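Chemist: I have a structure I would like to understand better, so I am pasting it below and will then ask my questions one at a time.
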Amino acid sequence: MIEDYCCWFPLWAWTALAGGVVLVLLVLRTKRVRHPPRGAASHIVVRVIDLRKSTDFYKAIGLSVVETTESVALLECPKCLGFQPYLLLEKNDDKSVKPAPADVAVAAGYGRMIFRVDNSKAIVEELNARHSIKPIADPVRDVVLVDDKPVSECTIACFQDPDGAIVELIEIHGTRNQSKIVPFAININATDCDKSITVYKALGLEMQLDMGKVENRFYPAIGVANPGVAGRVCLLNASNGFVVDLIEWENPKTMLRRKGQHHGIHRFALVVPNVEAVSLASGWKREGSVRSQVLPGPLGKATSVIVADPDGTSLELVSFHS
């Protein structure tokens with residue numbers, strides 16, 4: 001059971017609005033774009049044990065299947081405008097690959113995936129009634145404060161998928177999504193935020209907000225033992241508005257994960273013009289060579305390479321062929 005977890009996005013979203021910053025995720029677009037543009041987060045890879053069981057879980061929370069094979073399933077959030085990242089489930093039969101660790105929410109690496117929803121109460125009730133899927137703890141609705149002033153309310157509900165990955169559903173009251181569920185962000189925990197900021201900005205991600213030290217009121221929703229404090233929280237944007245939530249935890253302190261591969265969130269992919277021409281900044285390390293592959297659905301033919309950040313967190317750089 002996950003004991004340590006936190007959510008920062010309601011505060012960021014309304015901080016941005018209060019400061020006059022246009023929130024990219026809320027910009028209206030005229031049509032659905034299915035092929036990822038340069039600098040976008042194209043897809044998130046989740047390693048799973050039982051592909052059908054995991055696919056059913058993500059269908060239950062509102063995603064739609066684009067394509068499935070015996071080894072992978074590609075899902076998307078339906079009716080989204082613009083380009084939103086896909087979810088790619090990869091079946092892994094390697095017995096040396098372990099379940100997601102119990103400290104996944106705060107250990108260095110991927111902590112959680114975040115989706116925005118319009119009606120968290122209805123989704124939570126439906127998941128329980130129709131699929132016997134229950135949140136980690138009771139959802140919490142609370143007022144979001146900016147400079148000690150209330151700006152809005154949001155509700156947080158968190159779940160674990162069949163392989164232990166944390167999935168957060170966030171409803172920002174008074175706003176409406178373009179669809180029932182929208183990909184919003186991915187959390188990466190870091191042992192040294194300064195180093196991680198430098199390497200991710202070198203790949204083209206832009207700093208949206210450096211929130212500094214954060215204590216959060218939504219801990220009861222995610223079962224975090226008090227006191228829980230993030231020493232620093234930084235939010236960086238990909239070109240399609242998808243957010244990387246970079247956190248260096250203070251209590252509990254972010255520590256390097258135990259060696260070995262785990263199921264759960266494995267990596268996310270960032271689109272670059274030419275993988276073979278990428279010059280990696282100091283702090284990144286290649287994990288293997290450049291390879292050609294055919295990804296399912298609209299993603300299609302691609303060239304990619306896996307790289308690792310200073311904490312060993314994997315990221316895929318990918319170029320798609322027309």
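The values are calculated or read from the model by the stated rules, or taken from the named source; none is laboratory data. Please read all numbers here as calculations on a predicted model, not as lab measurements. Cβ atoms come from the backbone with ideal geometry, glycine included; neighbour counts cover every protein chain shown. In case anyone asks, the SASA skips ligands and DNA or RNA and just uses the protein heavy atoms, side chains included. Shrake-Rupley method; radii C 1.70, N 1.55, O 1.52, S 1.80 Å.
Chemist: So how many residues does the stretch 307-320 have that are closer than 16 Å to V278 by Cβ and either over 16 Å from the mean Cα position of the chain (by Cα) or small (G, A, S) (or both)?
Modeler: 8
Chemist: Return the only residue of I172, I197, I186 being within 22 Å of A269 (Cβ to Cβ), at pLDDT 85 or above and open to solvent by less than 10 Å² (accessible area, probe 1.4 Å).
Modeler: From the options I172, I197, I186, the qualifying one is I186.
Chemist: Would you pick out the residues in the stretch 86-99 that are at pLDDT below 90 and either part of a strand (DSSP E or B) or charged (D, E, K, R) (or both)?
Modeler: Of everything in the stretch 86-99, those that are at pLDDT below 90 and either part of a strand (DSSP E or B) or charged (D, E, K, R) (or both) turn out to be D93, D94, K95, K98.
Chemist: Does any residue of the stretch 124-140 turn out to be part of a strand (DSSP E or B), closer than 27 Å to K253 by Cβ, among the aliphatic types (A, V, I, L, M) and modelled with pLDDT of 90 or more?
Modeler: no
Chemist: Just checking: which of the strands (runs of 3 or more DSSP E) contained wholly in the stretch 253-322 hold 1 or more residues that are over 20 Å from S71 (Cα atoms)?
Modeler: Output list reads 264-271, 300-308, 314-320.
Conditions tested, residue by residue: (1) in a loop (DSSP other than H, G, I, E, B); (2) surrounded by 22 or more Cβ atoms within 10 Å (Cβ to Cβ); (3) at pLDDT 95 or above; (4) not small (G, A, S).
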site: K59; (1), (2), (3), (4): no, no, yes, yes
site: E67; (1), (2), (3), (4): no, no, yes, yes
site: C80; (1), (2), (3), (4): yes, no, no, yes
site: Q84; (1), (2), (3), (4): yes, yes, no, yes
site: P101; (1), (2), (3), (4): yes, no, no, yes
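Chemist: For residues that are open to solvent by 10 Å² or more (accessible area, probe 1.4 Å), among the charged types (D, E, K, R) and in a strand (DSSP E or B), scanning just the stretch 141-169, find the one that is modelled with the lowest pLDDT.
Modeler: Per the criteria, the residue is K149.
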